[in-house]
Amino acid sequence: MTEPGLPLAGLRVLDISSFIAAPAAAVVLGDWGADVIKVEGPDGDPNRRIMHDSSNYPKSAVNYPWHMDSRNKRSIVLDLKKPDARAALDRLIAISDVLICNFPPLVRDRLGLDYEAVKKVNPRLIYASLTGYGESGPDRDRPGFDATAYFARSGLLDAQRYEGGPPGVPVPAQGDRATAMGLVSAILMGLMQRMKTGEGSWVGTSLLGNGLWSCGVIAQAALVGAYLPHRPPPERPRSALGNIYRTADDRWLQLTIVREDKMWPGVCATIGRPELEKDARFATVADRRQRSDELAAILHDAFAQKDYEYWRETMASHGITFGVISRPQDVPDDQQAVACGAVVETKIAEMPRTLANPIRLSFAEQQVARPAPALGQHSDEILAQAGLTPDEIAALHKSGAVP
């Protein structure tokens, strides 16, 4: 239900989508106070089962993907293959502000859920569409997932691989969550436009479009004919000061030194090799790049001598820009993630902490996450709020339109 005091309180959102990017966008709206109604078919959103169905999900007794991507939502089941279910959906559309849909265009047309059809039911509705490859073009009807459309088609996977090696495989839903924020932005702009005109609109985004945006440096370079060969291995990097190194306790550090001339003395002092500052082999940026393999070997040997905590303190004292390459198992104990509000407490007994969406506001805080709904948990309640009588609701159950 809606939360008073939050910026999206009073907004009703129909989440007629499945899997991750579009439902995750609905989660963000719900975090900020919207009443999000999850519309599911009789079998439910496949994301209810994704942890068990996918070999790439860590297994747990807690259905964490479902809680994360459906928290604070209410669930109604409608079998849209039945005409009276479609009519009931229209009743919901008529009283809603936003509809989020990720059906492929052909499926939308078949169900009568394209924008032009829905607009007739509610001209003020913001119709938010998420597709794999966009609304037009030869691939508009292709099913797309983040691995195929966001990562593979955009060039991200190829751009990140080391020479001679295969493209990497992304972890589940990386591109989905980034794309969700693009869809949230489109929805908010649609709502702003409605404030000006009083009219609804179509808004949307695609996994491919967001993947290309994320791969912007490399993709834009390609558009002007500029390319880099595949990344060389860490022992002969393009720049030894923009490279990864292993510590004595088997952690990895990412050096990211952009202003080399300013920070080069600090690097030398950090590793206890002040004489390197005046070493003719590494006197200039060009020299350090030309001999990156020699410099990388020196840094490799130095970082391997001490644990991460030593290097963290030492590099910080010299103002060196670096990052530890965290492991997933480090997240629960990451104090900074808690302090910055990225990891928050919940009202979910079996999942007491979760990830907050990344938006921060000075005037409001996200509502505390409540459990994701059981399939059809709120069907009758939602239909009654849409104005259906008890007899009409009973008839929908009898026909199987609402199982």
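The values are calculated or read from the model by the stated rules, or taken from the named source; none is laboratory data. These numbers come from a predicted model, not from an experiment. Don't worry about glycine lacking a Cβ; one is built from the backbone with ideal geometry, like all the others, and counts go over all protein chains shown. Quick note on the areas: whole protein, heavy atoms, side chains included, nothing else; ligands and nucleic acids left out. Shrake-Rupley method; radii C 1.70, N 1.55, O 1.52, S 1.80 Å.
Below, the figures for the structure above:
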{"quantity": "Out of ALA240, ALA226, sole residue that is surrounded by fewer than 13 Cβ atoms within 10 Å (Cβ to Cβ) and assigned to a loop (DSSP other than H, G, I, E, B)", "calculated": "ALA226"}
{"quantity": "Odd one out for PHE103, checked against (1) surrounded by fewer than 19 Cβ atoms within 10 Å (Cβ to Cβ); (2) in contact with a helix residue (DSSP H, G or I) (Cβ under 8 Å, 6 or more places away or on another chain); (3) at pLDDT below 95", "calculated": "(1)"}
{"quantity": "Residue among LEU92, LEU157 that alone is modelled with pLDDT under 95 and either in a helix (DSSP H, G or I) or not assigned by the TED database to the domain that holds ARG194 (or both)", "calculated": "LEU157"}
{"quantity": "Residue identified as part of a strand (DSSP E or B), surrounded by 23 or more Cβ atoms within 10 Å (Cβ to Cβ), touching a residue at least 40 places away in the same chain (Cβ under 8 Å) and of a type in the set (A, V, I, L, M, F, W, C) among VAL13, VAL36", "calculated": "VAL13"}
{"quantity": "Candidates GLY144, GLY137, filtered to the one that is over 24 Å from PRO328 (Cα atoms), within 23 Å of the chain's Cα centre (by Cα) and at pLDDT below 95", "calculated": "GLY144"}
{"quantity": "Any hit, segment 97-120, residues being in a helix (DSSP H, G or I), in the same structural domain as VAL39 (by the TED database) and under 14 Å from ALA386 (Cβ atoms)", "calculated": "no"}
{"quantity": "Test: SER129 is surrounded by 15 or more Cβ atoms within 10 Å (Cβ to Cβ), of a type in the set (S, T, N, Q) and either outside the structural domain of LEU188 (by the TED database) or under 30 Å from LEU388 (Cβ atoms) (or both)", "calculated": "yes"}
{"quantity": "Residues within segment 68-84 that are closer than 20 Å to ALA374 by Cα, in contact with a Ser or Thr (Cβ under 8 Å, 6 or more places away or on another chain) and either surrounded by fewer than 24 Cβ atoms within 10 Å (Cβ to Cβ) or not assigned by the TED database to the domain that holds SER17 (or both), tallied", "calculated": "4"}
{"quantity": "Test: residue in segment 357-375 that is of a type in the set (Val, Ile, Thr) and more than 21 Å from VAL331 (Cβ to Cβ)", "calculated": "no"}
{"quantity": "Any pair with Cβ under 8 angstrom, 6 or more apart, that starts in segment 44-62 at a residue that is under 16 Å from PRO371 (Cα atoms) and ends at one that is open to solvent by 90 Å² or more (accessible area, probe 1.4 Å)", "calculated": "ALA61/GLU350; VAL62/GLU350"}
{"quantity": "Number of the condition not met by GLN367 [criteria: (1) under 17 Å from LYS73 (Cα atoms); (2) not assigned by the TED database to the domain that holds ASP35]", "calculated": "(2)"}
{"quantity": "Verdict on ASP176 being in a helix (DSSP H, G or I) and open to solvent by less than 50 Å² (accessible area, probe 1.4 Å)", "calculated": "yes"}
{"quantity": "Output for segment 307-359, where each listed residue is open to solvent by 50 Å² or more (accessible area, probe 1.4 Å), in a helix (DSSP H, G or I), more than 15 Å from GLN254 (Cα to Cα) and of a type in the set (A, V, I, L, M, F, W, C)", "calculated": "VAL331, VAL338, ALA339"}
{"quantity": "Yes/no for LYS73 being of a type in the set (Lys, Arg) and without any contact (Cβ under 8 Å) to a residue 60 or more places away in the chain", "calculated": "no"}
{"quantity": "Sole exception among (1) surrounded by fewer than 23 Cβ atoms within 10 Å (Cβ to Cβ); (2) not in a helix (DSSP H, G or I) for MET51, by number", "calculated": "(2)"}
{"quantity": "Pairs with Cβ under 9 Å, 6+ apart, first in segment 220-231 and closer than 20 Å to TYR162 by Cβ, second of a type in the set (Phe, Trp, Tyr) and exposed (fewer than 12 other Cβ atoms within 10 Å of the Cβ)", "calculated": "ALA221/TYR227"}
